[in-house]
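Taking it in order: structure first as structure tokens, then the write-up.
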Amino acid sequence: MNSVDADIADYRYAIFSGGVGGAKLALGFYLEQSSEELLVIGNVGDDFNHWGLHISPDLDTLMYTLAGVADPDRGWGRAQESWTVLDTLSDLGGIDWFRLGDRDLAVHLERSVQMGEGETLSTVTRHLCRAFGVTATLVPPTNDEVRTMVGTADRTLSFQEYFVRERCEPLVTGLLYQGASQATLLPEIGRSLAGDRLEAVILSPSNPYLSLDPILEIDDLRRRLAASPAPVVAVSPLIQSQAFKGPTAKIMMELGFAVSTLTVAQHYADILDGIVIDSADRELSGAIADLGIKVWITDTNMGNEQDKRRLAAEVISFSETIAG
Ligand code: FO1
């Protein structure tokens, strides 16, 4: 098995997602809908080589979340984790700033072994998802290498160096999605977007600059989304200038953007048919509507499973309204 082509005609929803925040909405869809009809496209700009292994943090966060084995507090990595390898390596003076747990490590080993034997990332991801009992289709946007590079005042850092090793502290001066424009979009994603079976494309509430742009920059994907017959709907990752998680607000400020859901809508204006915003931001709805984007106002917090399912159900009914 080396392709996901066979399933292509059956996807009703395609969700583009980064890690923790986006995975919450993906789980809402997974639980609320027939999971086999769900195509989840995970960011690979955060991928890197560490301890000689291929690490795909966002794909793994999505896989663990859908499989129900993610650590609920950290949001990444596995629940009931042990850290024997990391601690032992640390005692040896090895590199320990990126915390790979023992159970998690087995996934990176398996992925790296299979890729070393010539398998693609999409094939290995499907194999891992099967092993974890995930019934949705989780794919990388491309099998080519895309790496998010973070420009700071004195040097350029890889994403994980910036995010984990430097704890997002350096001031961000620019972002580069290395390899994105030359990368080939996974053919099944392109066909799914162009087909008429898809009922909605969802941009999850992930960081637009760190998590979704590395995907959208691939192979003319923005244009394909703009041309897709299915409505494209985003869920804003901001509530009144606050991000659910991570450095979204900090990065927006440092890049010179107003930290607002209106900025998020403007950022995606060329591809969006609709955006879901939080009730606390309802006063922005007029300005967003002026961009030609329809607005759905609700509580966008996803603190528990019920919230995730409710938000997914609302995104679905909003998309149906847009589609007419
Ligand atoms: N995030 C951290 O803040 N510290 C870590 O040590 C860390 C380890 C880690 C290991 C495996 C994995 O799949 C994710 C991990 N993450 C860690 C999260 C990772 O940096 C993600 O890229 C971010 O959550 C952004 O989506």
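The values are calculated or read from the model by the stated rules, or taken from the named source; none is laboratory data. From a predicted model like this one, the values you see are computed outputs, not experimental measurements. Here Cβ is always computed from backbone atoms with ideal geometry, including for glycine, and neighbour counts include all displayed protein chains. Accessible surface is based on the protein model in full, side chains and every heavy atom, while ligands, DNA and RNA are left aside. Shrake-Rupley method; radii C 1.70, N 1.55, O 1.52, S 1.80 Å.
At-a-glance table
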quantity	calculated
Helix-derived mean residue ellipticity, 222 nm - over the chain, DSSP H n ≥ 4, -39500 (n - 2.57), to 500	-10500 deg cm²/dmol
Degrees between helix 305-323 axis and first principal axis of the chain (Cα, 0 to 90, nearest 10)	50 degrees
Separation between Cα centres of the stretch 62-137 and the stretch 155-227, rounded to whole Å	22 Å
Sparsely packed trypsin sites (Lys or Arg not before Pro) within the stretch 3-88, loop by DSSP, other Cβ within 10 Å at most 16	ARG74
Sum of side-chain charges, LEU238 neighbourhood, beta-carbon under 10 Å (Lys, Arg +1; Asp, Glu -1)	-2
Geometric extent, Cα atoms of the stretch 163-261 - Rg, Dmax (angstrom)	15.3, 45
Computed over the chain, Cα set: Rg, Dmax in Å	18.8, 62
Cα-based helix-to-principal-axis angle, 57-67 vs the chain, degrees rounded to 10	80 degrees
Nearest-ten-degree value, helix 121-131 long axis tilted from longest Cα axis of the chain	90 degrees
Rounded percent of accessible protein surface that carbon and sulfur make up, the stretch 195-324, 1.4 Å probe	47 percent
Residues whose placed amide H lies under 5 Å from that of ASP219, excluding near-sequence neighbours	ALA183
For the chain, share of DSSP beta bridges that run antiparallel, in % to the nearest 5	40 percent
If the convex hull is drawn through the Cα atoms of the stretch 170-324, its volume per residue in Å³	117 Å³
